[in-house]
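The structure under discussion appears below in the form of structure tokens.
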Amino acid sequence: MPTEKRVRAFMKEGVLADSVNVLILRIPGKPVIYSFPSMDVRLSAMEKDGEGSDELGKYASYSMKENGRVIAGLAKLYRETPEGMQGLHDRVILDWTSVDRWMEEEENVMVHPRDPYTRIDVLESSRKVEIRMKGVKIAESSRPMMLFETGLPARYYVPPKDVEMEFLVPSRHETRCPYKGKASYWDIRIEGETFKNMAWSYLEPFGESRKIKGYFCFYTERLDGMTVDGKEIE
């Protein structure tokens, strides 16, 4: 699938790939993948280190030396592709985790490329949400934000003024999402008992998720109780 986005890959020494002719590949059960025209990748900064094949075809593998270390398998240049994959001929796929930084236009991309078939909607709601742990009310709100993400259950994000913050303790745990950004976590502590990483919040969320900035979401699956309009949520 072609995309009109400008996509760039950066190493510590500078730009490794820069293209407005990227294809997005969707492989069942895997995150989507960028593929670049070979002319838009600095193959001259790499060395060929072998050949191989996978479900996408036959490729030449390239490595790169940077700051005294060798990054093996950094790039795959596809030369022979099976029927249905001819569009990959003379294209390069870079190993996602070996690249230092990815950008679409002027925005950073983390974890993996954004799937054009994944959608996020954040809607203001008037549903009454109540969250409990060990019989203690942790949050109650009639103004949550509901976040709908393709393929995942709806999540309720509660404004901080509706959370009993004396029960939350900041955690060092963090996660990253290509669609929402970096999440910071909080433990719940009640009468000396700590329940790890039970709540999270996006302090600088991306694009469509900006309406949940600073709001708190709780692990429904790990709470003692959560009700929405009086109905227990499992």
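For the reader, a short list of remarks on this structure follows.
- Among (1) in contact (Cβ under 8 Å) with a residue 24 or more places away in the chain; (2) out of contact with any helix residue (DSSP H, G or I) (no Cβ under 7 Å at 6 or more places or on another chain) - the single one I120 does not satisfy: (2)
- When residues of region 206-230 are limited to those that are over 19 Å from the mean Cα position of the chain (by Cα) and of a type in the set (D, E), the one farthest from T118 (Cα to Cα): D224
- Flag if I93 is within 28 Å of E4 (Cβ to Cβ) and in a strand (DSSP E or B): yes
- Any hit, region 134-150, residues being assigned by TED's automatic domain parsing to the domain that holds S44 and within 24 Å of the chain's Cα centre (by Cα): no
- Filtered by the rule that a residue be farther than 17 Å from H89 by Cβ, under 24 Å from the mean Cα position of the chain (by Cα) and buried (at least 16 other Cβ atoms within 10 Å of the Cβ), region 19-59 gives a lone residue, V32.
- Whichever residue in region 212-223 is farther than 12 Å from R155 by Cβ and surrounded by 14 or more Cβ atoms within 10 Å (Cβ to Cβ) and, among such residues, is modelled with the lowest pLDDT: L223
- Residue pairs whose Cβ atoms lie under 6 Å apart, sitting 6 or more positions apart in sequence or on different chains, and linking a residue in region 130-142 that is without any contact (Cβ under 8 Å) to a residue 60 or more places away in the chain to a partner that is surrounded by fewer than 22 Cβ atoms within 10 Å (Cβ to Cβ) and assigned to a strand (DSSP E or B), are V136/I190; E140/E130.
- Lone unmet requirement of (1) within 20 Å of L223 (Cβ to Cβ); (2) touching a strand residue (DSSP E or B) at 6+ places or on another chain (Cβ under 6 Å) for Y179: (1)
- Whenever a residue of region 59-74 is without any contact (Cβ under 8 Å) to a residue 60 or more places away in the chain, its partners that are part of a strand (DSSP E or B) and β-branched (V, I, T), lying with C-beta atoms within less than 7 angstrom and at least six residues away or across chains, give the pairs S63/V70; S63/I71; M64/I71.
The values are calculated or read from the model by the stated rules, or taken from the named source; none is laboratory data. All of these numbers come straight from a predicted model, not from anything done at the bench. Ideal geometry is used to build each Cβ from the backbone, glycine not excepted, and the neighbour counts take in all protein chains shown.
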